[in-house]
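Written out below as structure tokens is the structure these notes cover.
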């Protein structure tokens with residue numbers, strides 16, 4: 001079965017384009033709740049900035065046998081989170097808003113917390129938890145948008161994919177196979193004081 005292709009009134013389109021030209025990319029065809037979208041984008045921006053700062057600290061503070069591997073991941077993730085923050089800020093401006101970089105309200109607006117961690121295992125764990133929070137936050141945001149703002153949705157979907165990669169990277173580090181001697185992981189032998197997280201997939205019943 002074929003469906004008729006909807007037509008567009010070019011004259012109406014041209015007339016609408018001349019109205020409110022100061023709004024730039026926000027045209028009459030934008031159907032999302034712009035204030036709500038801007039708030040969610042600024043909350044996501046705060047979350048990314050907090051993650052940048054936490055990863056950066058952990059990069060410099062990593063100690064132990066696995067420190068080189070973990071520190072490298074922390075730095076790479078920090079740089080990618082900064083890229084996400086820049087994308088979010090750019091989109092906020094495109095939608096006629098202002099990116100909120102205020103340090104006074106940063107932690108209150110961020111979905112993830114800034115937790116320093118006492119040792120390498122803590123650092124990896126807290127970053128993994130923050131990534132999991134970000135993943136569900138972005139999924140919720142994407143669901144709320146539906147098809148009302150495809151540009152923002154595609155941007156968030158791309159960011160979400162990277163956050164999922166980050167979570168997998170950190171989970172892999174925590175699940176390093178036991179060492180040949182003593183049955184301990186590298187993190188345990190490094191004296192972290194905490195056993196690594198075991199993420200075991202449940203068998204289907």
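The values are calculated or read from the model by the stated rules, or taken from the named source; none is laboratory data. Remember, it's a predicted structure, so these values are computed and weren't measured experimentally. Cβ coordinates were reconstructed from backbone atoms using ideal geometry, including for glycine residues, and neighbour counts include every protein chain displayed.
Do we have residue 163 as at negative phi and either in contact with a strand residue (DSSP E or B) (Cβ under 9 Å, 6 or more places away or on another chain) or in a helix (DSSP H, G or I) (or both) here?
On the way: at negative phi: yes; either in contact with a strand residue (DSSP E or B) (Cβ under 9 Å, 6 or more places away or on another chain) or in a helix (DSSP H, G or I) (or both): yes.
In short, yes.
Within the range 89-107, can you find the residues that are under 15 Å from residue 45 (Cα atoms) and in contact (Cβ under 8 Å) with a residue 40 or more places away in the chain?
The first filter runs over the range 89-107 and keeps only residues under 15 Å from residue 45 (Cα atoms), leaving 89-95, 97-107.
The answer is 89, 91, 92, 94, 95, 97, 99, 100, 101, 105, 106, 107.
If I filter the range 167-185 for residues that are within 18 Å of residue 87 (Cα to Cα), surrounded by 12 or more Cβ atoms within 10 Å (Cβ to Cβ) and at pLDDT 95 or above, do I get at least one hit? Give the derivation first.
Step one: of the range 167-185, the residues within 18 Å of residue 87 (Cα to Cα) are none.
No, every residue in the range 167-185 fails to be within 18 Å of residue 87 (Cα to Cα), surrounded by 12 or more Cβ atoms within 10 Å (Cβ to Cβ) and at pLDDT 95 or above.
Please indicate, with yes or no, whether at least one residue in the range 82-101 is within 15 Å of the chain's Cα centre (by Cα), modelled with pLDDT of 95 or more and farther than 18 Å from residue 158 by Cβ.
no
Before we move on, is residue 117 surrounded by 17 or more Cβ atoms within 10 Å (Cβ to Cβ), under 25 Å from residue 85 (Cα atoms), modelled with pLDDT of 95 or more and over 19 Å from the mean Cα position of the chain (by Cα)?
no
Would you confirm whether or not the range 53-64 contains a residue that is over 15 Å from the mean Cα position of the chain (by Cα), surrounded by 18 or more Cβ atoms within 10 Å (Cβ to Cβ), touching a residue at least 24 places away in the same chain (Cβ under 8 Å) and not in a loop (DSSP other than H, G, I, E, B)?
Checked against the condition, which is being over 15 Å from the mean Cα position of the chain (by Cα), surrounded by 18 or more Cβ atoms within 10 Å (Cβ to Cβ), touching a residue at least 24 places away in the same chain (Cβ under 8 Å) and not in a loop (DSSP other than H, G, I, E, B), the range 53-64 yields at least one hit.
Would you call residue 47 assigned to a helix (DSSP H, G or I) and at pLDDT below 95? Step through it out loud before you land on a result.
Working: assigned to a helix (DSSP H, G or I): yes; at pLDDT below 95: no.
In short, no.
Being surrounded by fewer than 18 Cβ atoms within 10 Å (Cβ to Cβ), in a helix (DSSP H, G or I) and more than 16 Å from the chain's Cα centre (by Cα) is true for just one of 136, 122. Which residue is that?
Working: 136 fails: more than 16 Å from the chain's Cα centre (by Cα).
Just one listed residue meets the conditions, 122.
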